[in-house]
Each structure stands twice: as structure tokens, then as C-alpha cells.
1. Across segment 10-27, what is the total count of residues that are in contact with a Leu (Cβ under 7 Å, 6 or more places away or on another chain) and surrounded by 15 or more Cβ atoms within 10 Å (Cβ to Cβ)?
2. For segment 349-388, what are the residues that are crowded, with 17+ Cβ neighbours inside 10 Å and among the small types (Gly, Ala, Ser)?
3. Could you go through segment 228-237 and let me know if any residue there is within 20 Å of ASN340 (Cβ to Cβ), in contact (Cβ under 8 Å) with a residue 24 or more places away in the chain and β-branched (Val, Ile, Thr).
4. Within segment 212-251, can you find the residues that are assigned to a loop (DSSP other than H, G, I, E, B), surrounded by fewer than 20 Cβ atoms within 10 Å (Cβ to Cβ), modelled with pLDDT under 90 and not small (Gly, Ala, Ser)?
5. With the requirement that a residue be outside any loop (DSSP other than H, G, I, E, B) and modelled with pLDDT under 85, what does segment 1-56 give you?
6. Inside segment 289-312, can you point out the residues that are under 17 Å from GLY343 (Cα atoms), surrounded by 14 or more Cβ atoms within 10 Å (Cβ to Cβ) and touching a residue at least 60 places away in the same chain (Cβ under 8 Å)?
7. Does any residue of segment 51-69 turn out to be of a type in the set (Val, Ile, Thr) and under 18 Å from the mean Cα position of the chain (by Cα)?
8. List the residue pairs whose Cβ atoms are under 9 Å apart, where the first residue sits in segment 105-128 and is over 30 Å from ILE193 (Cβ atoms) and surrounded by 18 or more Cβ atoms within 10 Å (Cβ to Cβ), the second is among the hydroxyl-bearing types (Ser, Thr, Tyr) and modelled with pLDDT of 90 or more, and the two are 6 or more positions apart or on different chains.
Amino acid sequence: DYPRIRKIADEIGALILADISHPAGLIATGLLSDPLQHCHIVTTTTHKTLRGPRGGVIMMGKNFDNPYGSYVTAVMERSTAEQAGLQPFDYIYGIDEYRTGRDQNLTDILRKYDIGENATLHFIRKGEYVKSQVTFGDRDKARSISKSGCDDPFLGVQQSMSNRLDEGVQVQVIEESTAFAAGLQDGDAITKINGYPILDWEDLSTAVDAMYVGEEAVLEYQRNGKRLEGTAIVQSDCARKRSGNRYMNLNFDDLRVNIFGERKDKDNQRSRNAENMELHLRDISTSEVREINRELELELPAKNDLPVKKLRMEMNQGMNMYQLTFTLDRIGDTKVRVHNNSGRQIYAYDLGGFQGDFSDEIDLARNGPGDYYLTIEQDEQAFVQKIKLTKI
């Protein structure tokens, strides 16, 4: 009864692996029910009831995404991503025969290609598997898409500091805004925008940046356990200012990610609220790491044996972001990661063979106050810290 098993698995967040080595022949002939449309992973031998040569097959269901891919948050003009027709929320999981995985991410794959080479890009859009032919271009010719205040979409929500939810993000709604016109009220939890699931504030940022003033936006949300839907015409930021609304919009100034695997900062046209935050770094115990991994389904290293010197995370007044700095005395394959308190990776930097002083800016404020987890890995050693960001 695979449908019933799948229903239970979805309710508790489990995956299903079905080994059908013995009944495979009966399933292939339709005499027994087919597990492929219900199970995440199916394994079988080929030499038993299938009567083939000795061997084995491992199959992954189409409704189970590769967890090592990269979500698109924005597309840069004149980039390979624009040429491929990528859109925000597309999920890139491979190029040609290469696939993202535990041992290689999208940046690692991109390093295999040079300017002018042709390739097939593999990605998922709203559950559908899509291929696109691309020719890799010059990253220096790509540019961020900037919007003036009158072209800048204004949703009109602020982060609610109420209880953490299992689905969506809870908001406070600004009057005479897009969200207000769609029928949202304070305390509602936005679960989808234009059909895209909203799991955290980074998703909300991506969805708002993908909007265009004057278009219709469809917002799905929950209120007191009921699922509701509202539509409204997207308003502009300058229209809000002309109306005299004195509320501050929660800005979604986003780091642009392009197909080249680089992080490029958007033109700083909208203010950020990092100056209103206070940041503290603290050690984290092995037992706490295990509890975080269990709760957020992460794989933070339980050991904390990498010697990291001069670790600092301070406000960069010029960029209104946090400057992460540290020193590693020995050389090794180095990776830096930051996850938010929803388990979403919000920062990643693969340094390759690295030794010496590291420095980079991280825009934590756009994700709001809360707990974050910094991981620095070098070869087989790791260093984990908890970042606590609070409003002041």
C-alpha cells in the first residue's frame, strides 16, 4: 500500500526506500502495485524475477529533488543565466553530464568550462525538469538589474516576531500596500507568492524582487489554520512614498547570484537595517550541534577541532553589512558556510586550497534577527560557531 506509506512519510518528514528485488517481475507485469510514483528511492536486482544478468538498479523518484543544487534568486542582464531563460526559484542541479552532489557544487562544475563553450543546463521549474542550451559568456559583461523607486515593487510586510511556524513566514501588514490590498492582516503567514513556496525571508526576498509594478500578484496565506488566497496589483515604492505612508518597508536588498557562480552586490539603492542589529558569536557544544542537526535536518560537523585565529564579525559601516574575518595557519581545501534558523544555507564560499587571512562581507540583516550557524571546514577538520543577531 505505497500511497498510504507515502502519506505517513510526508506527515513526519521521512523518505521511503523500497527494495523490490523479489517482486520486481510481478510489478513490471502490473500484477502488483508500482512503487515508483510513491517512493523516493527504489532498488532492485536484475537477475531474480526480472530474469536478467546479475546486477542492481537504484532509482530516484522524479518528485524528489537533488538536495545539492542551487536556487536562482535573481538573473543578471547579459549573463549566461539570462540567455538560458532562468527565472527566480529555478533550481539548477547539473550541466551536461555533471550533477551537483555532496562532493561538488555548482561552482565546482562551472570551473570545468571556459568562455565560448557550449553546454546543456539542467534545472527544475515548478516541479518540471527543464533543459536549456547555453554558451558561456564573459562574466565582466554581465550586470545587475537595477530598479528605480517607481519600478521597485512594494509588498508592504514587516517581519513578525511571533512564534516560529512550520510553514510560511508570519508578517505584519502595512496599510495601503500590495499585501493589504490582497486581504492580508497582521499575524497571517504567507505560504506562497505567485505559486512559489515561501519557506523563509530569503524566499520572500526573491519573490518580491521577481515582481513587476502593475502586474497582478497572487498571495497564498494561512490565518488561524485556514488557507486563504488573495490577489492585488503590485504597487511601487515611490507610489507608497507619495501616498504619505510613514511606515518603513522591510527591504529585500538581495545579493545577486549569476550562472558564473559569483556573488555580485546589487546597486545599493535601498537602505538595509544592519545598523539596528546587534551580533554576538559564541561557542557551540557537540550536543547542541547534534540537536540542531536533528531539528533543522542539517549536517553541521559535530567536532570542533580546526584552529581558527582572529575570528571577528563586525559591522562594515561603508557597506552596511557584516565583515567576517579569520586566519588559518595551514593550507587545505577550505569551505565557509552560514545557515539560518530555518536550515537554509544563506552564504557559501569555497576557497579551494587556502591559507592565511580571510575577509568577506555577509548580509545577515536581510534575513532578520535570530540564530545563525557559521561553519569553517578545512580538509577533515571543522570549526562551528553560533551567531546570534538581535534587534536593538
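1. Kept after step one, since they are in contact with a Leu (Cβ under 7 Å, 6 or more places away or on another chain), are these residues of segment 10-27: 23-26.
This time we only want the ones that are surrounded by 15 or more Cβ atoms within 10 Å (Cβ to Cβ), so: 23-25.
Number satisfying all stated conditions: 3.
2. The answer is ALA365, GLY368, GLY370, ALA382.
3. Checking segment 228-237: not a single residue is within 20 Å of ASN340 (Cβ to Cβ), in contact (Cβ under 8 Å) with a residue 24 or more places away in the chain and β-branched (Val, Ile, Thr).
4. Within segment 212-251, TYR212, VAL213, ASN224, ASN245, ARG246, TYR247, MET248, ASN251 meet the criteria.
5. Matches in segment 1-56: TYR2, PRO3, ARG4, ARG6, LYS7, ILE8, ALA9, ASP10, GLU11, ILE12.
6. If the condition is that a residue be under 17 Å from GLY343 (Cα atoms), surrounded by 14 or more Cβ atoms within 10 Å (Cβ to Cβ) and touching a residue at least 60 places away in the same chain (Cβ under 8 Å), then VAL289, ILE292, LEU298, LEU300, PRO301 are the ones that fit.
7. Initially, segment 51-69 is screened for residues of a type in the set (Val, Ile, Thr), giving 57-58.
Those still in the list that are under 18 Å from the mean Cα position of the chain (by Cα) too: none.
No, segment 51-69 contains no residue that is of a type in the set (Val, Ile, Thr) and under 18 Å from the mean Cα position of the chain (by Cα).
8. ALA119/TYR113; ALA119/THR135
The values are calculated or read from the model by the stated rules, or taken from the named source; none is laboratory data. Note that the structure is a prediction, hence the values are computed from the model and not measured. Backbone-built Cβ (ideal geometry, glycine too); neighbour counts: all protein chains shown.
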